[in-house]
There are 2 protein chains.
Amino acid sequence: MMMEASFDTEESFDDPSCLTPQPPGSVSPARRQTVKEVKETKATVNCVTFPLPGEGPEQQLLKPNDWSYCDYFWADKKDPQGGACIPGIEVLIQKQLKGKTLQKEMAEFIHERIKIEEEYAKNLSKLSFSPLAAQEEGTLGEAWTQLKKSLHDEAEVHLKFSNKLHSEVEKPLLAFRGEHFKKDLKKYDHHIADLRKQLASKYAGVEKARKALADRQKDLEVKTHQLDVKAHKHEEDIKKARRKSTQAGDDLMRSLDFYNQTQCKWFEEMVTSSMELEKMEVERIEFIQTHLRQYTTLRHETDMFNQSTVEPVDQLLQSVDPGKDRELWVRENKTGEVRPVDLDI
Amino acid sequence: MMMEASFDTEESFDDPSCLTPQPPGSVSPARRQTVKEVKETKATVNCVTFPLPGEGPEQQLLKPNDWSYCDYFWADKKDPQGGACIPGIEVLIQKQLKGKTLQKEMAEFIHERIKIEEEYAKNLSKLSFSPLAAQEEGTLGEAWTQLKKSLHDEAEVHLKFSNKLHSEVEKPLLAFRGEHFKKDLKKYDHHIADLRKQLASKYAGVEKARKALADRQKDLEVKTHQLDVKAHKHEEDIKKARRKSTQAGDDLMRSLDFYNQTQCKWFEEMVTSSMELEKMEVERIEFIQTHLRQYTTLRHETDMFNQSTVEPVDQLLQSVDPGKDRELWVRENKTGEVRPVDLDI
C-alpha cells in the first residue's frame with residue numbers, strides 16, 4: 001500500500017491511488033469480528049488514523065537516510081502549555097518564518113558594519129588633510145607627505161569596502177524572499193488546514209454511520225428472536241430490518257471511503273508541501289552561505305588594497321637622504337661661503 | 001694660510017695657528033702704501049673681515065662637495081625687513097628649532113591616528129557582541145557566530161596597532177630631544193654672539209690705533225719741514241715725534257694682532273658649532289626616518305593579522321551543510337514519523 005512505499009525523488013508523492021476502498025456489502029458476523037479488531041490495531045488522533053505501535057505492516061521511510069521533512073512531521077505537536085496542538089506542517093512553516101527574520105538580522109548586522117567603515121574612512125581622510133608637519137622639507141618631507149596621503153588612500157579602501165558590503169551583501173540579504181514570501185507560506189498553511197477540517201467532518205460522518213449500523217443490527221437481532229407473532233407478518237418485519245441493516249452497512253462503507261480519500265489527499269499535500277519547504281530551507285542556507293562568503297572575500301580584498309597604500313610610503317622612506325636634504329636646504333639658506341681673512345694695515 | 005686650507009674630517013677645525021701676526025715695527029712709506037691697498041683688497045662687514053671678490057688667494061671649501069654647514073654660513077643674513085642682520089649660526093640654530101617643532105607635530109599626527117584606531121576597535125568589538133541572528137542554528141549558525149567573533153578579533157588587531165603606535169612611534173618622537181635641547185642650542189648661540197662682541201671691541205681698538213698713528217705721522221711730517229727754529233731744539237722735536245710715531249705704529253700692530261686672534265677664535269667656534277649642528281640635523285632626519293619606517297611596519301603587520309581573522313570564518317563557511325543542518329533540526333523538532341493508514345471498520 002502506497003503509504004508504506006518508499007521513494008527518493010525530489011518529486012512530490014505521485015500515486016494518488018492510496019485508497020483501496022473496501023467493497024461495499026452487508027455486515028456479516030465475521031465483519032462484526034473485524035470491527036472489534038480495528039480498535040486494537042489503529043488509533044485516530046485529531047481525526048488522523050495511525051497504526052498502533054507494532055501493528056500493521058512495517059513502514060519504510062519515504063526518503064531513508066535523508067532526514068527529509070516529508071518523513072518526520074505526520075503527527076501534531078503537543079503544545080507544551082497543553083493548549084491546542086500545532087500541526088506538523090505549521091512547525092515547518094515556523095522554521096521558514098524564523099529563517100526570514102534571521103536573514104533580515106544578518107543584513108542589519110552588515111549595515112552596522114558599513115556604518116563603522118564609513119566612520120573610520122571619514123576620520124582617516126580628515127586626518128590625512130591635516131597640516132601637521134607640512135613644512136618638513138626635502139626627501140624626508142616627501143616621505144612624510146606620502147605617509148599623510150596614504151591615510152586618504154586607506155580611507156578610500158574602507159569606503160570601497162563599505163559600498164561593496166552594501167551592494168553585494170546587505171541588499172541581497174534584504175531582497176531575498178520579498179514581502180510575498182509570508183503570503184506564499186500562508187498558502188501552504190491554509191490549504192493543509194482546510195484539508196484537515198474536511199478530514200474532521202468526514203470522520204464525524206464515519207462515527208455517525210457506525211452508530212446507525214449498530215442500531216440497525218440490534219433491531220434485526222431483536223426481530224429475528226421474536227416468536228409470539230403471526231408467521232407471515234413476522235417474516236415481513238425481519239426482511240425489512242435486514243434491508244435497513246444492509247443499507248446502514250453500505251452507508252458506513254461510503255463514509256469510510258470519503259474519509260480515507262480525504263486523508264489521502266491531505267497525505268499527498270503534506271508530502272508535496274513539506275518537500276517544498278525542505279527545498280526552500282536548502283536555498284536559504286545556500287543563499288546566506290554565498291553572501292557571507294562574499295563578505296569574507298571583500299574583507300580579504302580590503303586587507304590587500306590596504307597593504308598597497310603603504311608601499312609608496314616605504315619607497316620614499318627608503319630614499320630619505322640627509323645629505324641630499326642638506327644640499328637642498330643649504331642652497332636655499334646659505335648666507336655666504338667666503339671665509340674671513342686676517343686684517344692687516 | 002689655514003683659512004684657505006681644506007679638510008674633510010668630521011672633526012672640527014684643529015689648527016689654531018690661523019694668525020700669522022705681522023712683526024711689530026715702524027711704519028715705512030712702503031707700509032703706508034699697503035695701508036692704502038688694504039682698503040682695496042679686503043672689506044670688514046659687521047666687524048668681520050672678508051677678501052673682496054677676486055682679491056686674495058683662491059679659497060677652497062673646507063669640505064668640498066659636502067654642502068657642509070661649515071662652508072656656507074660665514075656672512076650675516078640680511079633681514080628682508082631691512083632690520084638687524086641675523087648671524088649665519090643663528091640661521092642654523094633656527095633650522096634645528098623648527099625641526100624640533102616638526103617632530104612634535106608628527107607625534108601629534110600619530111596620536112590622532114591612534115585615537116581613530118581606538119574608536120574603530122571599540123565600534124567593531126561592540127558590534128561583535130550584538131545578538132543579531134544569534135538564533136541561527138547548525139553549521140550555518142557556527143559560521144555566523146565565527147563571523148561575528150571575527151569582528152572582535154579585528155578590533156584586537158587594531159587595538160594592538162594603536163598601542164604599538166603609541167609606544168614605538170608617538171612616544172619616541174616626543175621623547176627625542178627633551179626640554180634640554182633648546183637650552184643646549186642657546187649655548188652655541190650665546191658663545192658665538194659673545195665672540196662677535198669681542199671682535200667688535202677689538203675692531204674699534206684697531207680703528208683708534210690707526211687714527212692715532214695717522215696723527216703722529218702728520219705731526220712728524222710737519223716737524224721735519226719746520227726751518228725757522230734753533231737747530232739743536234729742532235733736532236730734539238723731530239726725534240721725539242719719530243719716537244711717538246713708531247710707538248703708535250707698534251700700538252696699531254698690537255691691536256691688529258688682538259683683532260685677528262679674536263676673529264680666529266670666532267672662526268674656529270663657527271666651524272665646530274656648525275658641524276655639530278650639521279650632525280644634529282642628520283641625527284634628526286635618521287631618527288624620524290626610522291620611526292616612520294616603524295609606522296609602516298606596524299601597518300603591514302595589522303593588515304596581515306587582519307587577514308588571519310577572516311580565515312576561521314572562511315573555513316566554517318566551507319563546511320556549511322544544509323543536509324547536516326536539516327538532520328540536526330529534524331532530530332530536535334520532528335513531530336512523528338509514523339504515517340497515517342486507511343481507516344476501516
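The values are calculated or read from the model by the stated rules, or taken from the named source; none is laboratory data. Bear in mind that the values here come from a model prediction, so they are computed numbers and not experimental data. Here Cβ is always computed from backbone atoms with ideal geometry, including for glycine, and neighbour counts include all displayed protein chains.
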**Study point:** Residue satisfying all of: in segment B:75-92; within 9 Å of chain A (Cβ to nearest Cβ), assigned to a helix (DSSP H, G or I) and hydrophobic (A, V, I, L, M, F, W, C); nearest to the chain's Cα centre (by Cα) among these
**Key:** B:Leu92
Check your understanding: Any chance segment A:263-282 includes a residue that's closer than 30 Å to A:His166 by Cβ, modelled with pLDDT of 95 or more and charged (D, E, K, R)?
Key -> yes
Review point. Out of all the residues in segment A:197-213, which are surrounded by 16 or more Cβ atoms within 10 Å (Cβ to Cβ) and over 33 Å from the mean Cα position of the chain (by Cα)?
Key: A:Gly205, A:Val206, A:Ala209, A:Arg210, A:Ala212, A:Leu213
Practice item. Would you mention how many residues in segment B:147-176 are more than 30 Å from B:Pro131 (Cα to Cα), out of contact with any helix residue (DSSP H, G or I) (no Cβ under 6 Å at 6 or more places or on another chain) and of a type in the set (D, E, K, R)? Key: 1
Study note, to complete from the structure: Checked B:Thr302, B:Thr297 against criteria (closer than 30 Å to A:Leu317 by Cα, surrounded by 13 or more Cβ atoms within 10 Å (Cβ to Cβ) and out of contact with any helix residue (DSSP H, G or I) (no Cβ under 8 Å at 6 or more places or on another chain)); the one match is B:Thr297
Study note, to complete from the structure: Exactly one of A:Lys95, A:Lys115, A:Lys126, A:Lys104 is assigned to a helix (DSSP H, G or I) and either closer than 30 Å to A:Asp194 by Cα or of a type in the set (A, V, I, L, M) (or both), and that one is A:Lys95
Review point. Conditions: (1) at pLDDT below 95; (2) surrounded by fewer than 19 Cβ atoms within 10 Å (Cβ to Cβ). B:Lys149 meets all but one. Number of the miss?
Key: (1)
Exercise for review: From the list B:Lys265, B:Lys218, pick out the single residue that is farther than 30 Å from A:Gly138 by Cβ and out of contact with any Leu (no Cβ under 9 Å at 6 or more places or on another chain).
Suggested key: B:Lys218
Point to revise | Matching residues in segment A:297-321 - criterion: being at the interface with chain B (Cβ under 7 Å from one of its Cβ atoms) and free of Cβ contacts under 8 Å to residues at least 24 places away in the same chain | key: A:His300, A:Asp303, A:Gln307, A:Asp314
Revision key, fill the gap. A:Glu236 vs (1) buried (at least 16 other Cβ atoms within 10 Å of the Cβ); (2) part of a helix (DSSP H, G or I): all pass except (1)
Practice item. Determine, yes or no, whether A:Lys324 is surrounded by fewer than 19 Cβ atoms within 10 Å (Cβ to Cβ), basic (Lys, Arg), modelled with pLDDT of 95 or more and over 30 Å from A:Glu90 (Cα atoms). Key: yes
**Study point:** Extreme residue, modelled with the highest pLDDT, among residues of segment A:152-189 that are surrounded by 15 or more Cβ atoms within 10 Å (Cβ to Cβ) and not in a helix (DSSP H, G or I)
**Key:** A:Phe176
Review point. Which residue pairs have Cβ atoms closer than 8 Å, lie 6 or more positions apart in sequence or on different chains, and pair a first residue in segment B:228-247 that is hydroxyl-bearing (Ser, Thr, Tyr) with a second residue that is modelled with pLDDT of 70 or more?
Key: B:Ser245/B:Leu213; B:Ser245/B:Arg216; B:Ser245/B:Gln217; B:Ser245/B:Asp219; B:Ser245/B:Leu220
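Yes or no, residue by residue, for (1) under 56 Å from the mean Cα position of the chain (by Cα); (2) within 7 Å of chain B (Cβ to nearest Cβ):
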| position | (1), (2) |
| --- | --- |
| A:Asp251 | yes, no |
| A:Glu281 | yes, yes |
| A:Gln289 | yes, yes |
| A:Leu292 | yes, yes |
| A:Asn333 | no, yes |
Practice item. Output the number of the condition that B:Arg113 fails; it satisfies all remaining conditions of (1) within 9 Å of chain A (Cβ to nearest Cβ); (2) surrounded by fewer than 20 Cβ atoms within 10 Å (Cβ to Cβ). Key: (2)
Point to revise | Flag if A:Glu10 is more than 9 Å from chain B (Cβ to nearest Cβ), at pLDDT 50 or above and assigned to a loop (DSSP other than H, G, I, E, B) | key: no
Point to revise | Residues being within 8 Å of chain B (Cβ to nearest Cβ) and aliphatic (A, V, I, L, M) - total across segment A:322-331 | key: 1
